[in-house]
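Throughout, read-outs are computed from the coordinates displayed, never taken from laboratory work. Since the structure is predicted, the reported quantities are computational estimates derived from the model, not experimental observations. Please note: Cβ atoms are built from the backbone with ideal geometry, for glycine as well, and neighbour counts cover all protein chains shown.
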Amino acid sequence: MRDEAEKKLLEQFQAGDTRALARILTLIENRTYSSSEFFQFFWRRAKGKKKLGITGPPGAGKSSLIEHLVERYRRQGRKVACLLIDPSSPFSGGAVLGDRIRLQKHFLDPGVFIRSVASRGERGGISRSALEMILVLDTFGVDEIIIETLGVGQAELEIASVAETVVVVLTPEAGDAVQALKAGLLEVGDIFVINKADRPQAQSLYYELKSLFNSEPEQKPVLLTSALEGRGIDQLFSAIEEQRGRLKKSPSTFQERLRRKYFLELVYSEFRTRLEEKLKKEYPQILEQVCQGKITPQQALEELKAIFPD
């Protein structure tokens, strides 16, 4: 009976039913579909559609900028799916929706699909559930997929493995923003946006970022925007389109990269779970000694290396 229900759900999905899409994403996130064959339906049909990654520290105004970009895409008649990676609730494990209220003007637009997914604290900045959802959205009839990262941790770097265009959003009060860029975001980002440009330190951060790229072989765009006032949005939209125009990779390359990323995350997730269970069941004394401060995590790791051969 359950397989029949899933079969009907897939038929509705293929017909472009967004309610079926929402139910499928829930099945994917909760791991409640009947068999691996259900997910294989999407795996085989992923088209490698272009994906836009929006990343940066919390409070930078990422959601507000996404709202403006969605509006631009809708003016062109493009259907848009937004996948918003949120912190996990410490109680339920679900997504803490945060400032999703800023996207409410698009909730009733049939050409816009919005979904929040919990980070779940998995090893990767982009969780296994999020990767599976991206594959499902890649199969659905949308023209644009926008992925907003959590804003902390590895997600900023890992977004580059699934999105061919990455926009890094900063604010004038970002503090050590440039140092953070040097730590990895400088290479990951394709376009850099200083949002809330009406604030006093915006110009100085702008010139600081521009100076960083003077020594680079490729000058990456640095833009000033104000999502609140709607300033600089047209320039950002144009920069995204121009960057995409410069890409030489084919859609099949993006499809292969997404599949590779999903496979690796699946391996990490599976073996991490198994290792945690084995550690708790067979070597609880090591975990207990670390928790009690009797040995350091490094000493415990050396013990485990002796237990688990290469």
Checked the range 263-307 against the a/c 1.5 cut and the a/b vs b/c comparison, axes a ≥ b ≥ c from its Cα gyration tensor; verdict prolate
Provide the net charge surrounding Leu52, with neighbours chosen by a C-beta distance below 12 Å and charges set as Lys +1, Arg +1, Asp -1, Glu -1.
+1
How high is the FRET efficiency from Arg246 to Glu277, r the C-beta distance, R0 41 Å, rounded to 0.05?
0.30
Heads up, the range 17-91 by the C-alpha gyration tensor (a ≥ b ≥ c square roots of eigenvalues; a/c under 1.5 rounded, else a/b over b/c prolate, else oblate) looks oblate
Which of rounded, prolate, oblate describes the range 1-44, given a ≥ b ≥ c as roots of the alpha-carbon gyration tensor eigenvalues and a/c under 1.5 marking rounded, otherwise prolate only if a/b is larger than b/c?
rounded
The local net charge around Ile194, scoring Lys/Arg +1 and Asp/Glu -1 for residues other than Ile194 whose Cβ lies under 12 Å from its Cβ, equals +1
